[in-house]
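Single-structure report; data block below.
The values are calculated or read from the model by the stated rules, or taken from the named source; none is laboratory data. Remember, it's a predicted structure, so these values are computed and weren't measured experimentally. Cβ coordinates were reconstructed from backbone atoms using ideal geometry, including for glycine residues, and neighbour counts include every protein chain displayed.
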Amino acid sequence: MTPNELNSPGYDVPEELQNVVAITTLDKIYNFGRRSSLWPMMFGLACCAIEMIAAQASRYDLARFGMEVMRPSPRQSDVMLVAGTVTKKMLPVIVRLYNQMAEPKYVVSMGACASGGGPFKEGYNVVAGIDKYLPVDVYVPGCPPTPQALVYGLIKLQEKIDKQSLKTVRWYQKGPDSVEVPIPMLGPDLIDPRRIPEIKAKAAELANPPAPVEESAA
Amino acid sequence: MTTPAPVEIQDPAAIAGQKLAEKFPGAVTADERPGYTGWMIAPEKLIEAATYIRDQLGYDLLSSVTGVDYIAEEKMEVVYHAYKTTGGPALVFKTQAARVDPIRLPSLTCVWEGADLQEREIWDLYGIRFEGHPDLRRILMWEGFEGHPMRKDWKEAFYDDEVKPYKSRWPEGRHVFAENRTAFGDNVSFAAGFDPEKWTATDPEEALYASLKKYKTEDKDGIPTDHILVNLGPQHPSTHGVFRAVVMLDGENVVSLKPVMGYLHRNHEKIGERNTFLQNMPYTDRLDYFNSMSNNWGYSLAIEKLMGIQVAERAEYIRVIMAELSRIQNHLILIGMLMNDLGAYFTPALYAFEERELILDIFEAVGGSRMMCNYHRFGGVVRDIPEEWMKKIHGLVFDRLSAKIDEFDRLLTENELFVSRLKGIGYLSPEDAIRTSMTGPMLRASGIPYDIRRADPYGVYDRFDFNVAVRYNGDLYDRYLIRIDEMRESLKILEQALKQIPAGPVMSVKPTYQAKVPAGEAYGRIESPKGELGFYVVSNGKPNPYRYHVRAPSFINLTSLEMTCVNQKIADFVAILGAVDIVLGELDR
Amino acid sequence: METYGKGILKGLVVTAKRFFNTYIEDLKWWGKRYHTAEGIAHRSSKDAKGIFTVQYPEEKLPVPEEYRANPFLIYDEGENGERDIRCTACGICAKACPPQCIWIVRGSDPETGKPVAKPSEFYIDFDICMNCGFCAEYCPFDAIKMDHDYEIASYGRNLTDMDELLKPAKYYAEIRPLNYALEEAARAEKAAAKAARAAAAG
């Protein structure tokens, strides 16, 4: 973004000063700062991760967007690129990492697997979409998306950030400091703590199936 | 290296099998099911026979161990493929147990340590208990998971139909999310009456930590000391994905180490047994996602064996060209990433990615996708290489890659810091390498010149003049050097293949999406950049494979991980793991 | 012991050479290296030296003909602009699809209720699709093809129905000119043979 773009309409900055001074709103400068230094978490799951690395590497060079600083620690990162198939065994780890990220935090779901299970959706160890657990900001379809498609997705994320306002963003509202998702448990199968009552009711129903007449009435 | 002219002899594996049957009369019988080969060994004689196979018959490399669930016959079978490291075909032997829980069979870990991880996998997925296995825990699923998912009577939550194509897709294919079909509204299933509130988590890690070696609590001065337990991964920059290693440390030295995997277990084999034969082709792309071209080849090889079809001549050469290009880019990335692990942050990796991108451009133009090429078909390849791209391949092979490999050589090979980090680290003796079923560069860096392209040639590799790269020190430095050597050999093969490639069709049969595969079993294996990639396929004449197993080199090459890491520094573990060259898609499948 | 550090210096020569190459290349091309088609082509050729980056989104790498993004359905445009969907709801793509992400409802005649050779509903779940290209490869009517458009990131999931999947044949001709020409020639040949047969019979 050039200083010109940063300028808010309504204020005339003399032409000779336009590259030096910009009159802008707090929102704009805040968003500009955040969108230009999105640090992704160094975190790859599967095939898509290789394309993510390729996007970081020589040819596509995410450094042009201020995204080259891949942080191995969730505390230092702003965006989580869920790049690859999310398995049940890995899910508690991913959710924990997400909880450890500081606000503002974003999630990009890269590839078909992370978005909705992908070709492996029918598998017994596969989570059908990370959005069942984490709030996803941008979905990048493809199997795997090419680095260019990923960069396009990240530009979409920047556009999303541009539209945010200090007054409404969730991390300045009253309430807990950051969004925390209850960590799923690995029992006989994957247990989502938010759905425990539902699971209990359903399992009880399976144990004592209601008479077929009642079911059709319901 | 020249190979002697083939002499008309009977299959050496058959002769060895005869000897085996004579040695153990009554306990060893030929497997006479139509389409099957190999020898059936009675479980009580299995260890004795395996020792005889290893020591007397010379089949010293146990390549693949896999289970098959013959539910109709009420039998569980374990299939073993053993090879000679001097070359030649496999000696296949099998053993069966009645399919009544608990299913018990003797473990072969006392004969070949390479059976370790594979037997754990069979226990996990099929529920066969291996008596005498030192550490029989679940490996891909977590401890506490209900059921053994590869059994034919085990159904997943999103179960739709026994085989593909599903009937719900056409002609009345109203879209329904799979979630809306299941009882629990998600890809989960629980036993009737399960109460999550009363369920208490048994610590799934307990067994894992217990399996680590116990450490003496007193040092030489009588001062009590304690070990440190360190978890690397599953989210760790050094593990190349979602691999995890639990390390017991004495100060900085590794005392004991256990690999933990399954974080990317996406049920490749279960899905593969629902798929039709052709539908598995794009799934193999996603095994070792650096080398989809070679994965395709391994699978086609197995199916072409079953179908008994020849591959079109031109396609054979195209396959070689693609596989060798794939090997070069794999090794380049490996070296670049190894440098990353050692702290040379990104410069070598960025250089490597340049060459890789140029090779991927070719894959994209020819196969249609940078990584998931889905290029092979039974009997050939899907399309010819366009003329202009053939020129590009020529340009890369003859004018560029060789200079770039030399550049890497200059950049790294003599760098003192690099050398001192690698020399003498992670030693693996040739005997240990064979015992733990190492294949590929890992085995060759330990001084065993075993390369399937020579030892058991497939495709048209017998027509090319190239050397099997071999190094003798068995340390990290040799594992690095062998990759440089191999890239140069690959270029040699490429040059010959590009000069010799004939014109003609690229498919020997009419392309169809419904391959007719006769009943039987086949094992197709290739020298993938990571080692021996094998596909064990059982067909019962239906459109879907009855059993589909991948012998993944990344997975089995980890058998020696503990051995190579013990007494090394924790920082070296990262380099040792990096040099094994694992890819999680293939490791966990 | 040899001079320590010789190997490092040798390596540094390589990096220094690369560093200077960047400027030499830029000077050689003077202003034409970036944002031009020749510049991009040069940077992905065997002679590529210097800066390797393609500055997406300002510059875009050319998409090769066989590239596979998501599948789409083709319709031919009639003279009055009406859409003639090529798909006959034969179901081969749904059968060949490895992850089974295609759902087709075969249309039926509103009066007689008999099935007709047109789909009434067609879904592809792009969150399952693996871009393998089997649907396009085995479609006997050239009705489903693989797109080239990879700029499809969105803020929601991607279940697509027939309206979103349909694209005109001229778009297909644009992205895959060679394949399109081959298929059109084969089609014309078939039609000619049919006409000849009809003439012979008549």
### Filtered residues of segment B:50-78 (kept if in contact (Cβ under 8 Å) with a residue 60 or more places away in the chain and either crowded, with 23+ Cβ neighbours inside 10 Å or of a type in the set (G, A, S) (or both))
B:A50, B:L61, B:L62, B:S63, B:S64, B:T66, B:G67, B:D69
### Message
Can you tell me how many residues within segment C:59-74 are over 14 Å from B:S369 (Cβ atoms), surrounded by fewer than 17 Cβ atoms within 10 Å (Cβ to Cβ) and within 18 Å of the chain's Cα centre (by Cα)?
### Response
2
### Query
Taking A:I29, is it under 25 Å from B:L587 (Cα atoms) and free of Cβ contacts under 8 Å to residues at least 24 places away in the same chain?
no
### Selection count where residues are surrounded by fewer than 22 Cβ atoms within 10 Å (Cβ to Cβ) and within 24 Å of B:I501 (Cα to Cα), scope segment B:322-343
0
### Lone unmet requirement of (1) modelled with pLDDT of 90 or more; (2) assigned to a strand (DSSP E or B); (3) more than 14 Å from chain A (Cβ to nearest Cβ) for C:R106
(1)
### Query
Based on what the data block shows, is C:E25 in a loop (DSSP other than H, G, I, E, B), acidic (D, E) and surrounded by 13 or more Cβ atoms within 10 Å (Cβ to Cβ)?
no
### Query
Can you tell me which residues in segment B:344-389 are part of a loop (DSSP other than H, G, I, E, B), surrounded by 24 or more Cβ atoms within 10 Å (Cβ to Cβ) and facing another protein chain (nearest Cβ under 8 Å)?
B:G368, B:S369, B:M372, B:N374
### Query
Identify, please: which residue in segment C:122-151 is under 13 Å from the mean Cα position of the chain (by Cα) and in a loop (DSSP other than H, G, I, E, B) and is, among those, surrounded by the fewest Cβ atoms within 10 Å (Cβ to Cβ)?
C:D149
#### Entry: Selection within segment C:75-103 - more than 14 Å from chain A (Cβ to nearest Cβ) and either assigned to a loop (DSSP other than H, G, I, E, B) or among the polar types (S, T, N, Q) (or both)
C:G78, C:E79, C:N80, C:G81, C:E82, C:R86, C:C87, C:T88, C:A89, C:C90, C:G91
### Query
Do the conditions hold for B:P430, that is, is it without any contact (Cβ under 8 Å) to a residue 12 or more places away in the chain and more than 11 Å from every other protein chain (Cβ to nearest Cβ)?
no
### B:R463 vs. criteria within 20 Å of the chain's Cα centre (by Cα) and not small (G, A, S)
no
#### Entry: Output for segment B:161-194, where each listed residue is under 27 Å from B:Y546 (Cβ atoms) and either more than 7 Å from every other protein chain (Cβ to nearest Cβ) or among the aromatic types (F, W, Y) (or both)
B:D161, B:E162, B:V163, B:Y166, B:K167, B:S168, B:W170, B:R181, B:T182
### Task
Look at segment C:109-151 and say how many of its residues are within 10 Å of another protein chain (Cβ to nearest Cβ) and at positive phi.
2
### Query
Within segment A:165-177, can one find any residue that is among the aliphatic types (A, V, I, L, M) and more than 30 Å from B:F145 (Cβ to Cβ)?
yes
### Summary
Conditions (1) over 22 Å from the mean Cα position of the chain (by Cα); (2) in a loop (DSSP other than H, G, I, E, B); (3) within 11 Å of chain B (Cβ to nearest Cβ); (4) farther than 30 Å from B:R421 by Cβ -> C:T3 fails only (4)
## Note on the structure
All-but-one check, A:A112 against (1) at the interface with chain C (Cβ under 10 Å from one of its Cβ atoms); (2) surrounded by fewer than 24 Cβ atoms within 10 Å (Cβ to Cβ), failing number (2)
### Selected residue (criterion: nearest to A:M185 (Cα to Cα)) from residues of segment A:115-136 that are more than 7 Å from chain C (Cβ to nearest Cβ) and under 11 Å from the mean Cα position of the chain (by Cα)
A:Y133
### Query
Any idea which of (1) away from chain C (no Cβ under 14 Å); (2) buried (at least 17 other Cβ atoms within 10 Å of the Cβ) is the one A:Y139 doesn't satisfy?
(1)
### Task
Scan (1) facing chain C (nearest Cβ under 10 Å); (2) part of a helix (DSSP H, G or I); (3) surrounded by 18 or more Cβ atoms within 10 Å (Cβ to Cβ) for the single condition B:L443 breaks and write down its number.
(1)
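So which residues in segment A:88-115 are closer than 26 Å to C:Y67 by Cβ and touching a strand residue (DSSP E or B) at 6+ places or on another chain (Cβ under 7 Å), if there are any at all?
A:V108, A:S109, A:M110, A:G111, A:A114, A:S115
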### Message
Filter segment B:105-146 down to the residues that are under 16 Å from B:R589 (Cα atoms) and either in contact with a helix residue (DSSP H, G or I) (Cβ under 9 Å, 6 or more places away or on another chain) or surrounded by fewer than 19 Cβ atoms within 10 Å (Cβ to Cβ) (or both) and list them by number.
### Response
B:L117, B:Q118, B:E121, B:L125, B:R138, B:I139, B:L140, B:M141
### Summary
Considering residues that are within 14 Å of chain A (Cβ to nearest Cβ), assigned to a loop (DSSP other than H, G, I, E, B) and surrounded by fewer than 24 Cβ atoms within 10 Å (Cβ to Cβ), the number found within segment B:563-581 is 0
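Somewhere in segment B:476-494, is a residue assigned to a loop (DSSP other than H, G, I, E, B) and in contact (Cβ under 8 Å) with a residue 40 or more places away in the chain?
no
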### Query
Which one is surrounded by the fewest Cβ atoms within 10 Å (Cβ to Cβ), of the residues in segment A:148-160 that are more than 8 Å from every other protein chain (Cβ to nearest Cβ) and out of contact with any strand residue (DSSP E or B) (no Cβ under 8 Å at 6 or more places or on another chain)?
A:E159
### Message
Test of understanding: among A:R96, A:R75, A:R64, A:R71, which residue is surrounded by fewer than 24 Cβ atoms within 10 Å (Cβ to Cβ), free of Cβ contacts under 8 Å to residues at least 40 places away in the same chain, among the basic types (K, R) and over 29 Å from A:K167 (Cβ atoms)?
### Response
A:R64
### Meets criteria (aliphatic (A, V, I, L, M), closer than 18 Å to B:G262 by Cα and part of a helix (DSSP H, G or I)) for A:V82
no
